[in-house]
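One structure is given here, and the rest of the page talks about it.
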Amino acid sequence: MKLKIVKLTIIGFGGIGKGVAKVLLKKKGFIKRNYGVDLNISAICEIDGSIIDENGIDLKETLELAENKKLKKHKNWSSIIALDVIKKIKSDIVLELTPSDIKSGQPGLKHIKESLKRGMHVVTSNKAPLALKFSELQEIAKSNRVKLKYEATVAGALPIINLRKHALQINKIESIHGILNGTSNYVLTKMAEEGVSMDAALKEAQEVGIAEADPGYDIKGIDTGAKVAILANSLMNMKVSFNDIEITGIEDITPEAIELAKKHNCVIKLIGDVNRLEVSPRLIPVNHPLNVSGALNAVMIHADIAKNITIVGHGAGGIETASSLFSDILDVLS
Amino acid sequence: MKLSLKDVPGSLLRALEPVSIHGGNILSVLHSRGEKELVSVQISFKIKDQLALDLIKKDLKKQNIRVSEILLEGKRYYSKKTLSFILIGHVIDTDIRNTVDRINEIGLVSDIDVVMPSPEKKSSVMMNIDFDDKRIKKLNKIINEICKEKKFLLIRSLEG
């Protein structure tokens, strides 16, 4: 098999960016043998500069520097920002992996737009640009004859969008309910299993590295709302934006309500309800497939032919999310 | 049971068959043939249980026979469903009687479980409501109105 060299640009070298690099180190040979492509990283961009090497960046060395917070010591480090790298380096695929800002969608939005306009495919884990501008981005991709793939934006490692595309082609999706945020699920699980307050459960989530220092984005349901907007557009052909989603978080759930639910053989979960374009805490029976514990995510799809399908797995984590990103990369190349 | 039948030969017989197949004892059949394409038929019968009624309804549906109304022992029969939810807020202090009465205009509050940690803290109240399946929209509307007005956090069941 003739080997095709594919150039990648990574924008954002945090947990997910590093996860992609680690997985590529591990799976490079496998991808070469099975797909006939040699994935080379031409550029890695961080907030204040970039590493560029069009012959392929040494990932092992770069990862070591990044883990020790010494990325700037890299011999190819320069202060060129991501947007200029997109303009300067012609990659085959741009991986947009910067953090989500649901108010503006930036900086991911401008990175994705610029990449698509320059004829580069985009694979992203960044929810905000798609939750805010789904149709517009799809139009730009279409008019430039490139692909925009976003499996990793919803529920990390869980294959939902590609499951629909590759395995549920003839189905009409009638409803989607999901636990789409690991932090809130971890907190609700701790409250139910250990009878602790929300503050105590959140503190523990922060200590074990599941929750951010500011967990508002997760607890208030904003993160889940962004995912509901993406699923509504991509799986149910609704033309909606994040701002159309009605969101109620879990911040006002009391230990007494959790106990009351338990007494009646139920649990309280933060559910993204795509049909209703709604995020809210809901009561579900303890034996329901969506009753998953800890930081797990779960999505239940009801389709007209296949009926109910539930998938459960890791909704976060750099390595786990890389599974979805590589699925999209290989799909772009197929 | 009131049915609407097509005015074609054999349609009455087809409508009566499911009743007798599932053990119904037919007491009377009122057949009012008018000018319209559909004929109104009222059948009175005795059955042993709810399951038999469900099976009769299912068979009639299969034959595209429309059941316009069912009266059970003189009262209007409907497909009963139960909705469960939890309210978090000052549910007792904001006149729980009023909350229940307003819900009872649409359905029937059949069970209430209250947890009140202390008078000044928010209480959590679980309610089960029996209602006619056809009135789900109205029921949700009144529950949402109450929650908005009395500042309750509503935790609906997945089906609700």
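The values are calculated or read from the model by the stated rules, or taken from the named source; none is laboratory data. These figures come from a predicted structure and were not determined experimentally. When we count neighbours, we look across all protein chains shown, and the Cβ atoms used for this are built from the backbone with ideal geometry, even at glycine.
Residue check: is B:Ile56 aliphatic (A, V, I, L, M) and over 20 Å from the mean Cα position of the chain (by Cα)? Answer is no for this residue.
Matching residues to (1) part of a loop (DSSP other than H, G, I, E, B); (2) within 14 Å of chain A (Cβ to nearest Cβ); (3) not aliphatic (A, V, I, L, M):
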site	(1), (2), (3)
B:Phe45	no, no, yes
B:Leu55	no, no, no
B:Asn64	yes, no, yes
B:Ile86	no, yes, no
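Among the residues of segment B:22-75, those identified as farther than 10 Å from B:Leu3 by Cα and crowded, with 16+ Cβ neighbours inside 10 Å are B:His22, B:Gly24, B:Phe45, B:Ile47, B:Ala52, B:Leu53, B:Leu55, B:Ile56, B:Lys57, B:Asp59. Scan segment B:108-145 for residues that are more than 8 Å from chain A (Cβ to nearest Cβ), crowded, with 19+ Cβ neighbours inside 10 Å and out of contact with any Gly (no Cβ under 9 Å at 6 or more places or on another chain) and the total you get is 1. Give the number of residues within segment A:123-166 that are surrounded by fewer than 22 Cβ atoms within 10 Å (Cβ to Cβ) and of a type in the set (Phe, Trp, Tyr). Final tally of qualifying residues: 0.
Residue-by-condition table, conditions (1) among the polar types (S, T, N, Q); (2) not assigned by TED's automatic domain parsing to the domain that holds A:Ser42:
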residue	(1), (2)
A:Ser79	yes, no
A:Val85	no, no
A:Asp101	no, no
A:Tyr150	no, no
A:Gly178	no, yes
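Condition first: part of a helix (DSSP H, G or I), among the small types (Gly, Ala, Ser) and touching a residue at least 60 places away in the same chain (Cβ under 8 Å). Now tell me which residues in segment A:1-51 satisfy that. Within segment A:1-51, A:Gly15, A:Gly17, A:Gly19 qualify.
Kindly evaluate A:Asp244 against the criterion of being surrounded by fewer than 22 Cβ atoms within 10 Å (Cβ to Cβ), of a type in the set (D, E, K, R) and at pLDDT 95 or above. Steps first, please.
Values: surrounded by fewer than 22 Cβ atoms within 10 Å (Cβ to Cβ): yes; of a type in the set (D, E, K, R): yes; at pLDDT 95 or above: yes.
Criteria met by A:Asp244.
Quick one: would you say A:Leu97 is closer than 30 Å to A:Pro215 by Cβ and in contact with a helix residue (DSSP H, G or I) (Cβ under 8 Å, 6 or more places away or on another chain)? Yes; evaluated as a whole, the condition is true for this residue.
If only one of A:Ser42, A:Ser100 is modelled with pLDDT of 95 or more and of a type in the set (Gly, Ala, Ser), which one is it?
Values: A:Ser100 fails: modelled with pLDDT of 95 or more.
Of the residues listed, the single one that is modelled with pLDDT of 95 or more and of a type in the set (Gly, Ala, Ser) is A:Ser42.
No other residue among A:Ala226, A:Ala201 is in contact (Cβ under 8 Å) with a residue 60 or more places away in the chain, away from chain B (no Cβ under 14 Å), in a helix (DSSP H, G or I) and touching a Lys or Arg at 6+ places or on another chain (Cβ under 6 Å) apart from A:Ala226. Within the option set A:Ala157, A:Ala226, A:Ala213, being in contact with a Gly (Cβ under 9 Å, 6 or more places away or on another chain) and over 22 Å from B:Leu154 (Cβ atoms) holds for one residue only, A:Ala157.
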